[in-house]
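Presented below is the structure to which this report refers.
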């Protein structure tokens, strides 16, 4: 490590060669403001186009101001981060950005959570000296994501996430100069693009240009309707992040308060998606064992590896990009959809009502779940299994609107019979969790021996691609894990080329898994937030009395009373699905 | 954006693929590929961009981003008689804008568009090196000098079948 000496704001410092001015300043307690810059170190996500120019600093002897995020420190540099020239320039840059930005902050979905707004407040901007035309662009409503490009500041974070990290390629900057916007191929609606609705564009958008489709008012109306029984399910990752919306430190588990808040919101039954995650393991785990044992018996028609299918963005990704591999993913529905299917069959029968009289609401860390619940195959006679899917952020808004003092709520439990879960259901919320849950069950079912160690530490971590070999009592099972769709693509290319050594692969679309989903409280570029949620998920798992899905008594009862056996006829009908080829085909036909 | 839904013939797709291959299907050669394909095809409709994106293994959105960035690339077919009005400094100060406006009015199209019968298209360009003749208009390869807006009707009429 080579150290160089320089001066920042009259302070002599030593810094590792190759460090940017921005980072050198930060390490020395100087926070240079940024807008387009984004770095999530532990997840290998970087955006520094050096475009917004908010981070400029004065370097003595240099004619122009230097953008701190992309300029490396040089020996002997004398840097001023708040000289008169710097402050005036920064303010002008900010005023120019604001001069082409709508002033409807009061009614913007990002009001109070917007990096541009925070910047304007920090700089004390009171008037905009630049008057001129403002760019206008149509609003784009998709089932999950709303694009309001008038608010875009061209930081290109979404474009970086969509192309470089996720390799989805739905978004790109188009046109030139004042006309330039971030849009889709041929400027089509997002719905007609290869977008997977992973929502990572929303997760990194500093302003209100990208937000989720808001369904809170529909849920409020459903709850108020006396003819409807409204039930709610909450995904594992929500409990590890919801607290952040109410001032708790990242990683604070608020499971009990969340259940209490949902009861105060007057949902009729408070249930848990973790219950459905346990159910998913029964089906997906048995599917893995079924494929595996047929493979071991020499059946050449069996497809391995098996890929998890819980993540709707991942499902849409392979439907667009690898449709020829539609037989490889597990046919098991996601926990959200398993819950919906069971609620509107098993549970409506128990209550003696029709499926039309029930409304199923899900609280998800995800915006793709909105799209998933709207897929036509997850409805019966146009009545969807899951009626409304809200994000963690929308739930927080609902709690605030309903005058609930979240922080002073007691801890309460979920209701029966779809509210109990094991630790295996909880860890679905993070990368590696689904496959660890599957291993806990598959091991015991396959070997007929109890696990000595429940924790599969070798499957945990935040590296983008991970692998481990699990010893199934003498039979080595190779497990692959990818999170982030760019990483998933690498594993899929291997499978496609017939070079994959894995028996099973877990894929989650978002970096870190659901804990960092597009519907979670915004991390504003701080990867410590994501790591804290990650630790919280395993903490919740460790605290559970039962930690293996096949030990969930309510699921055991569900099979006895209703479903029969895993992969049985009824289970197949209600809990499994199929996939579609969503390639936008190039039309090759005769001209005109 | 509406675009004419065109359908590519197999041999056209093969030609695009051959051009991509000549540039080693390298994403970094996108601009050169687009250049060649436009020379071959006359323009770059959506369907052509999809083939290029597929061959260069990049997203269609990115290809579209580059096509819309450079004014040289066009997604609309040129007319049989492409009309270009020079808007370089010399032509501009001698009234090229009025001439361009007259073409727009007369042909009922905007810059970058073609007449519905595909006969004329209109574009503006910067300096053809004949400043002494300003303002200059080109129709195909033919150059017209000292054009006034009154001449527009007469020039268009020359191309009546």
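What the table below lists for this structure:
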| item | result |
| --- | --- |
| Residue that is nearest to the other protein chains (Cβ to nearest Cβ) [pool: residues in region A:163-184 that are assigned to a helix (DSSP H, G or I) and under 23 Å from residue A:511 (Cα atoms)] | A:163 |
| Criterion: in contact with a helix residue (DSSP H, G or I) (Cβ under 7 Å, 6 or more places away or on another chain), at negative phi and within 14 Å of chain A (Cβ to nearest Cβ) - qualifying residue of B:99, B:63 | B:63 |
| Residues located in region A:198-222, provided they are crowded, with 18+ Cβ neighbours inside 10 Å and assigned to a helix (DSSP H, G or I) | A:200, A:201, A:202, A:203, A:204, A:219, A:222 |
| Cβ-Cβ under 9 Å pairs, at least 6 apart or on other chains, region A:363-382 side at positive phi, far side in a helix (DSSP H, G or I) | A:381/A:355; A:381/A:356; A:382/A:376 |
| Which listed residue, of A:149, A:145, A:128, is under 29 Å from residue B:71 (Cβ atoms) and either crowded, with 17+ Cβ neighbours inside 10 Å or more than 8 Å from chain B (Cβ to nearest Cβ) (or both) | A:149 |
| Options B:83, B:19; residue that is more than 30 Å from residue B:144 (Cβ to Cβ), buried (at least 20 other Cβ atoms within 10 Å of the Cβ) and more than 8 Å from chain A (Cβ to nearest Cβ) | B:19 |
| Some residue of region A:489-503 being in the same structural domain as residue A:391 (by TED's automatic domain parsing) and under 30 Å from residue A:393 (Cβ atoms) | yes |
| Neighbours by Cβ (under 7 Å, 6+ apart or cross-chain): first from region A:223-251, on the phi < 0 side of the Ramachandran plot; second surrounded by fewer than 19 Cβ atoms within 10 Å (Cβ to Cβ) and assigned to a loop (DSSP other than H, G, I, E, B) | A:223/A:266; A:229/A:268; A:229/A:353; A:230/A:268; A:231/A:268; A:243/A:252 |
| Filter result for residue A:567 (part of a loop (DSSP other than H, G, I, E, B) and under 30 Å from residue A:469 (Cβ atoms)) | yes |
| Condition check for residue B:94: under 30 Å from residue B:153 (Cα atoms) and surrounded by fewer than 22 Cβ atoms within 10 Å (Cβ to Cβ) | yes |
| Restricting region A:185-199 to residues that are facing chain B (nearest Cβ under 8 Å) and touching a residue at least 12 places away in the same chain (Cβ under 8 Å), the residue that is farthest from residue A:490 (Cα to Cα) | A:187 |
| Residue ranges of helices (runs of 4 or more DSSP H) in region A:416-533 with at least 2 members surrounded by fewer than 19 Cβ atoms within 10 Å (Cβ to Cβ), free of Cβ contacts under 8 Å to residues at least 24 places away in the same chain and out of contact with any strand residue (DSSP E or B) (no Cβ under 6 Å at 6 or more places or on another chain) | A:485-496 |
| Any hit, region A:375-391, residues being part of a helix (DSSP H, G or I), surrounded by 20 or more Cβ atoms within 10 Å (Cβ to Cβ) and not assigned by TED's automatic domain parsing to the domain that holds residue A:147 | no |
| Output for region B:115-141, where each listed residue is in contact with a strand residue (DSSP E or B) (Cβ under 9 Å, 6 or more places away or on another chain) and within 10 Å of residue B:82 (Cα to Cα) | B:119, B:120, B:121, B:122, B:123, B:138, B:139, B:140 |
| Residue count, region B:66-76 (criterion: within 12 Å of chain A (Cβ to nearest Cβ), over 14 Å from residue B:124 (Cα atoms) and either in contact (Cβ under 8 Å) with a residue 40 or more places away in the chain or out of contact with any helix residue (DSSP H, G or I) (no Cβ under 9 Å at 6 or more places or on another chain) (or both)) | 2 |
| Residue count, region A:534-564 (criterion: within 16 Å of residue A:424 (Cβ to Cβ) and not in a helix (DSSP H, G or I)) | 7 |
| Conditions (1) surrounded by 16 or more Cβ atoms within 10 Å (Cβ to Cβ); (2) in contact with a strand residue (DSSP E or B) (Cβ under 7 Å, 6 or more places away or on another chain); number of the one not met by residue B:67 | (2) |
| Residue within region A:186-196 that is assigned by TED's automatic domain parsing to the domain that holds residue A:145, at pLDDT 95 or above, surrounded by 24 or more Cβ atoms within 10 Å (Cβ to Cβ) and in contact with a strand residue (DSSP E or B) (Cβ under 8 Å, 6 or more places away or on another chain) present | yes |
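Rundown of residues vs (1) crowded, with 19+ Cβ neighbours inside 10 Å; (2) modelled with pLDDT of 95 or more; (3) under 25 Å from residue A:115 (Cα atoms); (4) under 28 Å from the mean Cα position of the chain (by Cα), yes/no style:
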| residue | (1), (2), (3), (4) |
| --- | --- |
| A:15 | yes, yes, no, no |
| A:25 | yes, yes, yes, no |
| A:32 | yes, yes, yes, no |
| A:41 | no, no, yes, yes |
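Residues are listed down the side, and each one gets a yes or a no for (1) closer than 30 Å to residue B:13 by Cβ; (2) at pLDDT below 95; (3) under 24 Å from the mean Cα position of the chain (by Cα):
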| site | (1), (2), (3) |
| --- | --- |
| A:549 | no, no, yes |
| A:553 | no, no, no |
| A:558 | no, no, no |
| A:563 | no, no, no |
| A:566 | no, no, no |
| A:572 | no, no, no |
| A:576 | no, no, yes |
| A:582 | yes, yes, yes |
| A:586 | yes, yes, no |
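The values are calculated or read from the model by the stated rules, or taken from the named source; none is laboratory data. Since the model is a prediction, treat every value here as computed from it, not as a measurement. Every residue, glycine among them, receives a Cβ derived from its backbone with ideal geometry; neighbour counts consider all protein chains shown.
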